[in-house]
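What follows is a single structure, written as structure tokens, with notes after it.
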């Protein structure tokens, strides 16, 4: 079973405690009424679906209940890092370098 | 290519089965094709077959990074049914069920289609209401589906537990008798053989690295492990890897790829006469001709290409199977595996044109593509040949995610597709 580190609780716990919440760093538009259909399509539906390092959201549903972000390799399911919501997107090159 | 018939069987038996011709030749890519299909699963090979047979387009290559039928065509639980809720889905899946009826004869290849019936069990009041709605929706469209009482369910499939004190008691079931199973590998092989016989090249172990576009934006060919192949049209049906293939042409898709697992038990004597699905406890099960129980599990909740899947899902599935069929609770499981499914937000497939001229896509089948193989392949071939969708796949366009005209089977069929 995948073990996931919750950046709020500071503990590494089985995946059953967590729920997946889709791709990360997709910002809700500030002015929804100004959006075109294409922009809505992109915001709501289009996803990177990366094979490799993937920025994604998780929620510690059976713990603190809070959302956080993670970078995980979708080929190996290995997590490089988890970080709190609102923190900037980590630099992927640095992460991969540190992981070596 | 030797046809399979009684005379040839006798002839070859007398000569020690040494003179059968090969099913499809080993191919090296030509410099140019009219159509290149990316992905040699049932959907891709079938599309090539119908392009050749119904549209006279025989200068076609089907290219796969692995071996043909080695992806989800060879990994599914082989269930075939068309008891969907919405008219659009019913038309598409029933088109497939119609083609399944005569597919072995059409291909001269035994795909072992067995319309043994599919029983969907209801365990809650909501299930009962929802499935009865499906029954009525299907019957309005002339698709068979009928309601069974718990006792009738037990009669149709004796291993089902209908005890009143069960944790999730059976309150009835919707039965589609024309539904059933088929031999999944044979579907890929049959279409491959039929396509190759009509001149289609099947190129295995050759990954398509990128789709190349010309100055006007239209497709001009594909870059592969074996070099550039020029072509007039490209049809992509690469299952879990569609997002990556299409991204090379600059097309983003509304897909998320997730592992879906299945498992089989040790083989036993015939005990299970039909397909049973239970959405509420999330179990679906049938028995193969070899005697194994074929059991479908769920998808992992996260995007992954691991072709493995998480163990908690297997545990959950086995718990569900033991709940609905207590007689199986000491049965040993032989093996489990995973395949990568590409899921759309509305859990309906996308078959149609793309913003790129001469590029077509058949994707988003999620966890339920096998049942649609002949129908999907048939309308995809039509879309490629005519550069416009067949009336059946017109509603399944890529632009429905912009227009908002979704076909929301996600809520209609819950987990099981």
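Read-outs throughout are calculated quantities, based only on the coordinates presented, and are distinct from any laboratory measurement. Bear in mind that the values here come from a model prediction, so they are computed numbers and not experimental data. Here Cβ is always computed from backbone atoms with ideal geometry, including for glycine, and neighbour counts include all displayed protein chains.
Just the C-alpha atoms of segment B:210-303: what Rg/Rh do they give, with Rh taken as the Kirkwood radius? Here Rg/Rh amounts to 1.21.
Across all directions, the shadow cast by the convex hull of segment B:331-407 built on its C-alpha atoms averages 6.7 square nanometres. Radius of gyration (Cα atoms) of segment B:286-332, expressed as a multiple of 2.2 N^0.38 Å: 1.31.
Rounded to the nearest 5, the antiparallel percentage of DSSP beta bridges internal to chain B is 70%.
Return the average number of partner chain Cβ atoms within 10 angstrom of each residue Cβ along peptide A:47-55.
Values: counts 9, 8, 18, 6, 9, 2, 0, 4, 0.
Taking all residues of A:47-55 together, the mean is 6.
Label sites at residue B:319 and residue B:268, each approximated as a point 7 angstrom past Cα along Cα to Cβ, lie 2.2 nm apart.
Shown for B:45, A:96, B:7: other C-beta atoms within 10 Å of each C-beta, ranked fewest to most, produce the order B:7, A:96, B:45. Label-to-label distance, residue B:311 versus residue B:386, with points set 7 angstrom from Cα along the beta-carbon direction: 5.2 nm. Take each residue in B:251-258, count the other chain C-beta atoms within 10 Å of its C-beta, and the mean is 5. Normalised by 2.2 N^0.38 Å, where N is the number of residues, the C-alpha radius of gyration of segment A:3-99 stands at 1.17. Residues A:51, B:371, arranged from fewest to most other Cβ atoms within 10 angstrom of their Cβ, appear as A:51, B:371. With only the Cα atoms considered, segment B:4-52 has a convex hull volume of 123 Å³ per residue. For peptide B:296-305, the mean count of partner chain Cβ atoms within 10 Å of a residue's Cβ comes to 6.
More than 28 Å apart: what percent of Cα pairs in segment B:128-262 qualify? Working shown, then result.
Details: 4685 of 9045 pairs.
In whole percent, the share of Cα-Cα pairs in segment B:128-262 beyond 28 Å is 52.
Just to confirm the number: angle between the C-alpha axis of helix B:87-101 and the first principal axis of chain B, 0 to 90 degrees, nearest 10? Here the helix axis deviates by roughly 80 degrees.
Each principal axis of the Cα cloud of chain B was taken in turn, and the coordinate range along them, longest first, works out to 67, 63, 41 Å. Between residue B:218 and residue B:301, the FRET efficiency from the beta-carbon distance, with R0 = 51 Å, is close to 0.85. At 222 nm, what value in deg cm²/dmol follows for chain B if DSSP H runs of at least 4 each add -39500 (n - 2.57) and the sum is divided by all its residues, to the nearest 500? After summing the helix terms and dividing by residue count, I get -8500 deg cm²/dmol. All distinct Cα pairs of segment B:173-246 go into the 1/r average, and the inverse of that average, the Kirkwood radius, is 15.3 Å.
May I ask for the equivalent-ellipsoid semi-axes of segment B:76-139, computed as the square root of five times each C-alpha gyration tensor eigenvalue and listed largest first in whole Å? Equivalent ellipsoid of segment B:76-139: 27, 14, 8 Å, largest first.
Return the whole-Å distance between the Cα centroid of segment B:23-69 and the Cα centroid of segment B:333-371. That distance is 18 Å. Reducing segment B:199-234 and segment B:286-325 to their Cα centroids gives an inter-centroid distance of 36 Å. Compared with the dominant principal axis of the Cα atoms in chain B, helix B:125-140 is inclined by about 50°. Relative to the longest principal axis of the Cα atoms of chain B, the long axis of helix B:373-386 makes an angle of roughly 30 degrees.
Between residue A:13 and residue B:1, the simple spin-label model (points 7 angstrom out along Cα→Cβ) gives 5.6 nm. Per-residue extension of 0.36 nm, minus the Cα-Cα distance of residue B:125 and residue B:139, leaves a gain of 2.9 nm for this segment. Once the C-beta distance of residue B:147 and residue B:335 is scaled by a Förster radius of 41 Å, the resulting FRET efficiency is 0.70 to the nearest 0.05.
Based on the Cβ-Cβ distance from residue A:66 to residue B:228, what FRET efficiency comes out when R0 is 51 Å, to the nearest 0.05? Between residue A:66 and residue B:228 the formula returns 0.55. Report the normalised scattering of segment B:69-189 as log10 I(q)/I(0) at q = 0.11, 0.17, 0.21 Å⁻¹, calculated by the Debye formula with identical scatterers on the alpha carbons. For segment B:69-189, the Cα-only Debye profile gives -0.43, -0.91, -1.15.
For the protein assembly as shown, the share of alpha carbon pairs falling in successive 20 Å distance bins from zero is 21, 54, 24, 1 percent. With contacts taken as Cα pairs under 8 Å at a separation of at least 6 residues, segment A:3-99 carries a relative contact order of 26 percent. Put in order of Cβ neighbour count within 10 Å, fewest first, the listed residues B:152, B:26 become B:26, B:152.
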